[in-house]
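The structure under discussion appears below in the form of C-alpha cells.
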Amino acid sequence: MYRTVRTFFVLTLTVGLGIVALPAIAGWDVSGDFGSTNPSGAWSYGWTDDITNPAYRFNYDGEYVPDLALYPGGPGGATGAIEGWWYAFASPSILHNKTNAQWDSGWFSMRANEVAMHPGVYAPEFPLIRWTAPAAGDYLISGKFLQQVWMTSTNDVHILLNRTSIFDGLIWYDPSDPSQLIEEAPFSLLLTLAQGDKIDFTVGLGPDRDFSMGLAALQASIDVVPEPGSMMMLGGLLGSAGLALLRRKSR
Ligand SMILES: [Ca+2]
C-alpha cells in the first residue's frame, strides 16, 4: 500500500498542460545501502554486551564499537561473495552477500544480496545494525527477520528505538519438533522520529541460548512518510490534471 503511494510520489506527471515533477521520497534499504565504511551514511554497524535482562529488555550504552572491522570473505572461508563486520571468529557479526546469487559455504548459506546477523558465542553479544534518523519526520520501518536457507536454531530478534525495544520476535526451528517452525518475524512500524534518533536491529541467541546455526537474515527498508500537506498537494495536482484531461477530451 505505502509502496504505491511512494511510487505515485516520484512520478513525473506528463498530462496535457505540461510536466509536473514531484519530489522524490528518500528511502533506505539495509541490503542495498550496505556500507564498507562505519558509519556509512545513515547506517552504522556494531554490537553490545550490556543487556540487563535475558527476557529481551534492553539497557545498554549502545554506541558502536570502533574495533568492529569490515572483513572480506565470510568467517568460514575466503570468497569474494561475502563481506561483513565482525572482530574475531564467533564474535557478533554482520554479513552481506554482495552477489546476485545464493552463496553456500558448506555450513551456512545466504540468499542473493542478503544481510544477516549472528550473535556472539559469549552471550550476551548482540550485533547491531543501526540507522540514525537524518531529519525529524514520520518514517515507515518495514521488513522481516527470517530463517537462513538452512534452518536457523532459535534466535530472539529485536528492533530498538534509542535503546528501548519497540519490536520483539522469534525465529525458531527445533529439529525435535518441526511443527513449531517460525520462519519469519515480520515488522511494520510507523514512527515519528527526531533528528538523531537511533533505530537498532539486533539478534540474540534465542531461548535455546545456543550459538550454533544462529545466523538470522534481515530484510529492512525505511521510508519517509509524506506529510499530510504534501499528500493534499499531490491530490490537488492529480485532480487538476484529471480535470485538464476531461476538458481536452470534451472539446
Ligand atoms: Ca540459538
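The values are calculated or read from the model by the stated rules, or taken from the named source; none is laboratory data. Quick caveat, the model's predicted, so the values are computed rather than measured. Cβ: placed from backbone, ideal geometry, glycine included. Neighbour counts: every protein chain shown.
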Legend entry - Cross-chain or 6+ apart pairs with Cβ under 8 Å, the range 132-160 first and free of Cβ contacts under 8 Å to residues at least 24 places away in the same chain, then of a type in the set (D, E, K, R) and surrounded by 17 or more Cβ atoms within 10 Å (Cβ to Cβ): none
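Go through the range 186-209 and count every residue that is within 16 Å of the ligand (Cβ to nearest atom) and under 18 Å from residue 132 (Cα atoms).
Of all residues in the range 186-209, those within 16 Å of the ligand (Cβ to nearest atom) come to 202-209.
Now narrow it down to the ones that are under 18 Å from residue 132 (Cα atoms): 202.
Total meeting the criteria: 1.
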Inset, instruction - Return the pairs, sorted by first residue and then second, in which the second residue is β-branched (Val, Ile, Thr), the first residue lies in the range 207-221 and is under 14 Å from residue 90 (Cα atoms), the beta carbons are less than 8 Å apart, and the residues are 6+ apart or on different chains. - result: 210/154; 211/121; 213/152; 214/152; 214/203; 215/152
Legend entry - Top-ranked residue of the range 65-99 - restricted to ones that are touching a strand residue (DSSP E or B) at 6+ places or on another chain (Cβ under 9 Å), of a type in the set (A, V, I, L, M, F, W, C) and in a loop (DSSP other than H, G, I, E, B), ranked as modelled with the lowest pLDDT: 78
Legend entry - Residue check for residue 230: at pLDDT 85 or above and of a type in the set (S, T, N, Q): no
